[in-house]
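Reading through the structure tokens given below for one structure.
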Amino acid sequence: MDFVAAIRAYADNFSTALAFALLLVFVLPFGAISNSFISSGTVLLGYGFLNQPLLDSIILLLLATVFLFFYSILICLMVLAVRRDVSSVKTNYYLSEKIHKFAVKYFKFLAVFTIICALLSSVLVELNVPIVLVNVVIFALSAIFLFLPQTIVVDEEGLGASILTNWEFIAKNVPSFVFLLLFGIFSVFVVVVFEFAVDYFFAFGSFISLLFSLVVLVPFLEVLKTMIYMKRFSIIERYENQASH
């Protein structure tokens, strides 16, 4: 069972998941800049980039870029940790020789993707497209790259080839793709409800929800995606059998 195995793999690599908490250092900078805010377990950028002073938009995008750089490293470390457990990769070699290459590839994608989404959403808002529809468009664009970290780290291909492999895997595994999307939507809903509940009594619900998302939700989803992706290889069955005993 992928879900049970993912919980076990997450627990085995909790120290790596805990490292995501380091991203909390960006809370104050993002909170101090206009057109960005912490909510729903994540850092949100406002859609009005084109209406903001040019300098403010540049500073916000630069800060987001730095955040994404460290985020990319942690995501690739999490995927690599699961790959190591499943396939017995020589950790020292890959951490020293490969992890930075994986992280740079994923960072390049995230940086370009973020800028495109920021500009696209701003243009759509300027065209009076409903915010709900803008959110749907951004969500759909994000969803089609769901397994990109896994293809980058597991297959060790170039960025272009990794994107194509990601699409190929999604096309061949639609039920798993839909399950992950629904699980992600449900998880975010739970985080939002939890945030509102905390905010009802205290004033730091957004911080708690962000901490939970960074340390639990995000790394667990990457673990789950990696377990599902590595079903392509028979070694995952051996790992699950060993873990169940």
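Each reported figure results from applying straightforward, stated rules to the coordinates on display, with no laboratory input. Because the structure is a prediction, the values reported are computed rather than measured. For neighbour counting, all protein chains shown are included, and Cβ atoms are generated from backbone atoms with ideal geometry for every residue, glycine included.
Modelling each spin label as a point 7 Å along the Cα-to-Cβ direction, I'd like the L182/S39 distance in nm, to one decimal.
2.8 nm
Specify, per residue and in Å³, the volume enclosed by the convex hull of the alpha carbon atoms belonging to the chain.
So the per-residue hull volume is 138 Å³.
In percent, how large is the relative contact order of the chain, given Cα pairs closer than 8 Å and 6 or more residues apart?
Computed over the chain, the figure is 33 percent.
Extending each Cα 7 Å along its Cβ direction at A171 and T114, get the distance between those two points in nm, one decimal.
3.0 nm
Using mean Cβ contacts within 10 Å as the protection proxy, how do 195-201, 218-224, 206-212, 3-9 order, highest first?
Ranked by mean Cβ neighbours within 10 Å, highest first: 218-224, 206-212, 3-9, 195-201.
In terms of modelled amide H atoms, which long-range or inter-chain residues lie less than 5 Å from the amide H of S36?
Distant-sequence amide H within range of S36: G46.
Give me the distance in nm between label points sitting 7 Å out from Cα along the Cα-to-Cβ direction at L164 and I144, one decimal.
For L164 paired with I144, the spin-label model returns 1.6 nm.
Under the 0.36 nm per residue contour assumption, what length would be gained going from the current alpha-carbon distance of R232 and V4 to full extension?
Here the answer is 80.3 nm.
Straight-line reach from K98: which aspartates and glutamates have Cα under 18 Å away, leaving out those fewer than 8 places along the same chain?
Cα-Cα hits under 18 Å: D85, D155, E156, E157.
Just how many % of Cα pairs in the range 130-239 lie over 19 Å apart, if you round to the nearest whole percent?
When all Cα pairs of the range 130-239 are counted, 56 percent exceed 19 Å.
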